[in-house]
Amino acid sequence: MSSVTGACAAAGLLLVGPHVEPLLVLLTRAPRNLQLGPVRDWTPAMAATAAETRIFLEVRRQLQSALLILGEPKEGGMPMDISIMPSSLQMKTPEGCTEIQLPAEVRLVPSSCRGLQFVTGDGLHLRLQAQAELGTKLISMFNQSSQAQECCTFYCQSCGEVIIKDRKLLRVLPLPSENWEALVGEWCCHPDPFANKPLHPQENDCFIGDSFFLVNLRTSLWQPRPELSPVEMCCVSSDNHCKLEPKANTKVICKRCKVMLGETVSSETTKFYMTEIIIQSSERSFPIIPRSRFVQSVITQCLVQLSSARSTFRFRIQGQDDKVYILLWLLNSDSLVIESLRNSKYIKTFPLLEDTLKADSSSAWSAIKVLYQPCIKSRNERLVSLWESDISVHPLTLPSATCLELLLILSRSNANLPSSLRHMNSFQVAFLKM
C-alpha cells in the first residue's frame, strides 16, 4: 500500500477503482464515528432533493494547490458519501445530493489528497493539487491605450447621470507617486525645477492617480457644483465672542443622487474618485453594474497595481478627510473561490450586496485575499498610529461613504467564510472579487 493510500485509509477515505486518479470517495460521519462503509445505491428521488451542504474550495493558481472544506448538512453527524473527481464534487446524504461542476479550466488531482482533518463547526478539511487557468474579465477603470484620442463620457456610477459629455482626451497619463517631489533632489544637481508647480491637466488631458482621475472642467457643458459644508464655530475676537463662519468645502456632488464624486483641486481642475465614476466611449451606453461588484473590482485593481509597482502590501483605507477606516493587508491575488452557498432566504437583504444574493446556488470567482482591521469608532487606534508612521504602508484615499461600503463588503465576506478561516492572528480574513 502506498503512503498516500495508507494515509487516506487511516483517515477514513476509500480509494475506488484500480487507479487512484479517476475517483476519490470519502465516507464520513461525525468525528466520533468516522468509519468506512460501502457506497450506497442512490435513487433518482434522493438525488433530486438538494442537500443543504456547504462546500468551499479555494484554488491558488500560482501554487497549483487547493483547499477543500466539506461541511456537514446537519448537526449530529449524518452519514455522507463524498466523491471528488477532477472536474466535479459530489456529496450524497440520505436526504439528497449536492453536486458542483467545476469550471472547465479547473482540474483537481484526487490522488494528491493530504492534510485530511475534521474541524468542529466547519467539517472536513483537505488539500489537493489543482490546475486553474481561469481568466478574469475586469471592469475597466480606464483603458489608457484604447480610449485616448476617443470621445468619452463620464457617468456617475451610482445613478448613471452624465457628468462630462463627449470629452476628447488627447493625453491619458499616469501621475507619479505622491512623494515624487522628495526624490527630485536626488535626481537633479541643480535647484528643483518643479518646485511649487503642481501637475494640473490641460483641456484634453486626463491624469490618473492611485484612486482618482484629474480632469480639466474649463469647457465642460456640465459643471459639478461644489457643496458648502455646515457652518462651524470659530472665535474671531479678543473677548472670546464667537460667530458662525462657513467652512470651505470642495466636494463635488452628483446633482441627481447627491453622491460625492470627487473634489475640486483648483478653479479648473477636478479630482474624480475611481469608485464613483465610469468612463465610457461616447459610442457606448451606460453599463449597469451592481454597486458591490463595481467597488470590489476597482479596489482590487488598485491594490494589485500598487503592490506590483511599489512592492507594498499594506494599505490604509482613509476618507477624503484623512480619517482612517480600514487597515488592509494584501495576502495574494491568484485565488479562485468556488462555493456552494447556503440558503439565501435566511440572509437579510442589503441593497449594496444585492448582486451577491441573486447569485446561483454555487458560484466561482477570481478574488484577492486580504487581512483587515476595522478602525471606526476609535477601534485599533494604536495599530493605526503604528501604520501611519510606517513608510511601507501606502494610503488609499476614497470618499468616506465608500470606505464604509468597503467595510460592509469585507464584513460580509468574512461572515460567509468557514469559521476556521475567518481570522488570522488578530486580523480578520476576507476575499474581494476581481
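Rule-based calculations on the coordinates, nothing more; no lab input. None of the values given here were measured: they were computed from a predicted structure. Positions of Cβ are backbone-derived with ideal geometry, glycine not excepted, and every protein chain shown enters the neighbour counts.
Structure data summary
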| read-out | value |
| --- | --- |
| Cross-link table Lys271/Lys369; Lys251/Lys323; Lys251/Lys271; Lys165/Lys255; Lys369/Lys433; Lys168/Lys251, entries beyond 20 Å C-alpha to C-alpha | Lys271/Lys369; Lys168/Lys251 |
| Under Karplus coefficients 6.51, -1.76 and 1.60, residue-wise ³J(HN,Hα) of region 420-426 in Hz, glycine/proline x | 6, 9, 7, 9, 9, 6, 9 |
| Hz values of 3J(HN,Hα) by residue in region 324-332 - Karplus curve (6.51, -1.76, 1.60), Gly and Pro given as x | 7, 9, 9, 9, 10, 10, 7, 8, 7 |
| Amide H within-cut-off set for Met434, under 5 Å, with H built and near neighbours excluded | Ser366, Ala367, Ile368 |
| Cβ-Cβ FRET estimate between Ser426 and Asp166, R0 fixed at 56 Å, reported to 0.05 | 0.65 |
| Under 5 Å, built H, 5+ apart or other chain: amide partners of Gln428 | Tyr372 |
| Cα-projected label distance for Ser311 with Glu133, points at 7 Å along beta-carbon direction, nm | 3.2 nm |
